[in-house]
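Right, one structure below, let's go through it.
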Amino acid sequence: MTITGIAALGAGLAAIGAGIGIGKIGGSAMEAMARQPEMHGKIQSSALILAAFVEAVALFGVVAAIILK
Amino acid sequence: MTLNTFKSVLFSALFLAISFAGYATEDSDNKDDKEFDANEMIMHHVKDAYGMHIITFNEGKEDEHHISIPLPVILWTENGLTTFMSSEFHHDYSGQVVVEKNGGRFVNVHEKIYQLNDGESVVSYDAEHHPVNAKMPLDFSITRNVFMMWVSFTILLLIFLTAARHYKKSENNIPKGIASFVEPLVVFVRDEIGKPMIGEHKYKKYMPYLLTVFFFIWINNIFGLIPFFNGANLSGNIAFTLTLAFVTFIITTFSGNKNYWKHIFWMPGVPVPMKIFLMPIEIIGMFTKPISLMIRLFANITAGHIIILALYSLIFIFKTEFMGFVSVPFALFIGIIEIIVTAIQAYIFTVLSALYFGMATEEAHH
């Protein structure tokens with residue numbers, strides 16, 4: 001397997017991890033909003049920030065794959 | 001100088017810059033029907049370039065011609081300052097067109113300008129397609145990213161000076177005109193980012209930076225999506241995000257109080273071996289925070305551009321128009337997501353900067 005293949009595989013694995021992470025954040029945020037509708041705004045903004053943190057990991061993988069291309 | 005004359009000067013400067021447009025050149029190179037290379041097309045769009053290319057007519061045919069805005073190329077060579085317009089390359093970025101200026105010969109190889117060594121007239125490459133008989137001069141060119149940055153400066157100045165003038169004149173501070181568009185956003189940055197992240201008492205000092213960063217990133221993200229500007233991908237340029245992240249790092253470091261440095265070098269509340277163990281981790285953490293800011297903005301914006309361009313490339317890869325029924329809806333979908341991402345990334349960058357400032361200025365709680 002070439003280095004490109006390994007880099008692409010790594011990017012894919014990072015995407016799986018980020019998918020699980022964002023899924024958990026989204027699920028918990030939904031649950032929290034359903035329990036406390038009055039906290040809707042605050043929960044949404046912190047969920048977005050956390051999603052950006054997790055998403056960055058997947059994008060690091062993409063960047064690594066592009067660099068190693 | 002009153003604000004009105006200032007505004008008209010800004011406007012005339014902008015129009016002067018744009019009025020170079022309509023500059024059409026004929027490409028005499030014989031370009032045969034070469035295979036469509038999606039990778040090269042995407043990278044060419046994502047990277048910085050000399051000159052703003054708008055459209056190509058009759059691509060690959062005899063009478064191919066381009067419409068673009070030429071931008072100045074400014075180089076510092078051994079013979080001193082060398083300047084010429086990017087149109088002298090005739091839209092060539094494969095190193096074939098040689099421009100002779102000020103005793104040097106210059107070629108454009110994949111949007112990087114090389115100066116040929118003395119006596120050479122054709123650029124030659126090694127196995128990895130790096131030029132071997134040429135070197136790179138110091139490059140201060142007004143590339144399309146620099147040009148777009150100036151355009152967004154101008155637009156932001158116009159918006160905010162108009163709003164500021166309105167508040168100066170009005171007696172009851174009721175927003176009107178452009179001010180009614182700007183005020184909710186400024187209040188949002190203050191109430192949702194500044195106050196909760198930094199704290200009620202200290203947030204005022206950091207508001208100018210937070211507002212600047214928020215609006216500057218946002219407007220540049222939006223400009224990246226406008227097709228006419230040919231994706232002048234400013235916020236997807238790592239040098240741009242590096243500069244913003246570096247400024248955040250400097251502000252964080254210089255506003256750090258005793259408590260902040262204590263948490264880095266001698267973490268309170270943990271046993272001594274743990275303190276020694278945590279010190280290098282915290283020092284590395286000081287640098288990884290701005291680096292992650294830099295990579296996050298760069299990667300998000302670049303990835304968005306690459307996805308949209310890759311979807312359009314599918315039509316040319318499969319060589320059938322019917323692929324458009326797949327590509328266009330998907331590209332539209334991603335495009336709508338990207339519009340949301342422009343705002344979210346500006347917000348995230350500002351929130352995280354504010355968070356770091358808040359961490360640096362936090363008082364010890366007992």
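The values are calculated or read from the model by the stated rules, or taken from the named source; none is laboratory data. Predicted model, so just to flag it, every value in this text is computed and none were measured. Cβ atoms come from the backbone with ideal geometry, glycine included; neighbour counts cover every protein chain shown.
Return the residue satisfying two criteria in turn: it lies in segment B:69-86 and is surrounded by 15 or more Cβ atoms within 10 Å (Cβ to Cβ) and without any contact (Cβ under 8 Å) to a residue 40 or more places away in the chain, and of such residues it is nearest to residue B:101 (Cα to Cα).
Filtering segment B:69-86 for residues that are surrounded by 15 or more Cβ atoms within 10 Å (Cβ to Cβ) and without any contact (Cβ under 8 Å) to a residue 40 or more places away in the chain, the one nearest to residue B:101 (Cα to Cα) comes out as B:84.
Cβ contacts < 6 Å: first residue under 10 Å from residue B:214 (Cα atoms) and modelled with pLDDT of 90 or more, restricted to segment B:338-352; second residue of a type in the set (Phe, Trp, Tyr) and buried (at least 20 other Cβ atoms within 10 Å of the Cβ), any location; separation 6+ or different chain. Result?
The qualifying pairs are B:346/B:214; B:346/B:218; B:350/B:214.
Condition test on residue B:238, is it surrounded by fewer than 17 Cβ atoms within 10 Å (Cβ to Cβ) and closer than 30 Å to residue B:331 by Cα?
The answer is yes for residue B:238.
Which one is modelled with the highest pLDDT among residues in segment A:33-69 that are at the interface with chain B (Cβ under 10 Å from one of its Cβ atoms) and over 20 Å from the mean Cα position of the chain (by Cα)?
Filtering first and then ranking leaves A:41.
If you check every pair at least six apart or on different chains, which have Cβ atoms under 9 Å apart with a residue in segment B:248-261 that is surrounded by 15 or more Cβ atoms within 10 Å (Cβ to Cβ) first and a residue that is among the basic types (Lys, Arg) and not in a helix (DSSP H, G or I) second?
B:255/B:202
Return the residue satisfying two criteria in turn: it lies in segment B:316-325 and is at pLDDT below 90 and in a helix (DSSP H, G or I), and of such residues it is nearest to residue B:185 (Cα to Cα).
Among residues in segment B:316-325 that are at pLDDT below 90 and in a helix (DSSP H, G or I), the one nearest to residue B:185 (Cα to Cα) is B:324.
Can you tell me which condition residue B:312 does not meet? The list is (1) surrounded by 14 or more Cβ atoms within 10 Å (Cβ to Cβ); (2) over 23 Å from residue A:65 (Cβ atoms); (3) more than 14 Å from chain A (Cβ to nearest Cβ), and all the others hold.
Result: residue B:312 passes all but (2).
Assuming residue B:232 fulfils every condition listed in (1) closer than 30 Å to residue B:86 by Cβ; (2) within 14 Å of chain A (Cβ to nearest Cβ) apart from one, which condition is it?
(2)
Examine segment B:342-363 for a residue that is over 24 Å from residue B:218 (Cα atoms), away from chain A (no Cβ under 11 Å), acidic (Asp, Glu) and surrounded by 15 or more Cβ atoms within 10 Å (Cβ to Cβ), and state whether such a residue exists.
yes
Output the residue which, of all residues in segment B:110-140 that are of a type in the set (Ser, Thr, Tyr) and assigned to a strand (DSSP E or B), is surrounded by the fewest Cβ atoms within 10 Å (Cβ to Cβ).
Result: B:125.
Evaluate segment B:266-274: report whether one residue or more is surrounded by 16 or more Cβ atoms within 10 Å (Cβ to Cβ), more than 14 Å from chain A (Cβ to nearest Cβ) and assigned to a loop (DSSP other than H, G, I, E, B).
Within segment B:266-274, one or more residues are surrounded by 16 or more Cβ atoms within 10 Å (Cβ to Cβ), more than 14 Å from chain A (Cβ to nearest Cβ) and assigned to a loop (DSSP other than H, G, I, E, B).
On the basis of being crowded, with 18+ Cβ neighbours inside 10 Å, among the hydroxyl-bearing types (Ser, Thr, Tyr) and assigned to a helix (DSSP H, G or I), does residue B:292 make the cut?
Against the criterion (crowded, with 18+ Cβ neighbours inside 10 Å, among the hydroxyl-bearing types (Ser, Thr, Tyr) and assigned to a helix (DSSP H, G or I)), residue B:292 does not qualify.
Since residue B:232 meets every condition but one in (1) surrounded by 17 or more Cβ atoms within 10 Å (Cβ to Cβ); (2) part of a loop (DSSP other than H, G, I, E, B); (3) more than 20 Å from the chain's Cα centre (by Cα), which condition does it not meet?
Every condition holds for residue B:232 apart from (3).
Only one of B:188, B:240 is in a helix (DSSP H, G or I) and either among the acidic types (Asp, Glu) or within 15 Å of the chain's Cα centre (by Cα) (or both). Can you tell me which?
B:240
Taking the condition free of Cβ contacts under 8 Å to residues at least 60 places away in the same chain and not aliphatic (A, V, I, L, M), does residue B:171 pass?
Yes; evaluated as a whole, the condition is true for this residue.
Take segment A:1-24 and flag every residue that is modelled with pLDDT under 85, among the β-branched types (Val, Ile, Thr) and out of contact with any Leu (no Cβ under 9 Å at 6 or more places or on another chain).
A:2, the sole residue that qualifies.
Return the only residue of B:176, B:195 being free of Cβ contacts under 8 Å to residues at least 12 places away in the same chain, more than 17 Å from residue B:216 (Cα to Cα) and assigned to a helix (DSSP H, G or I).
Only one candidate passes the filter, namely B:195.
Go through segment B:275-307 residue by residue and tally those that are more than 10 Å from chain A (Cβ to nearest Cβ), closer than 24 Å to residue B:254 by Cα and within 13 Å of the chain's Cα centre (by Cα).
1
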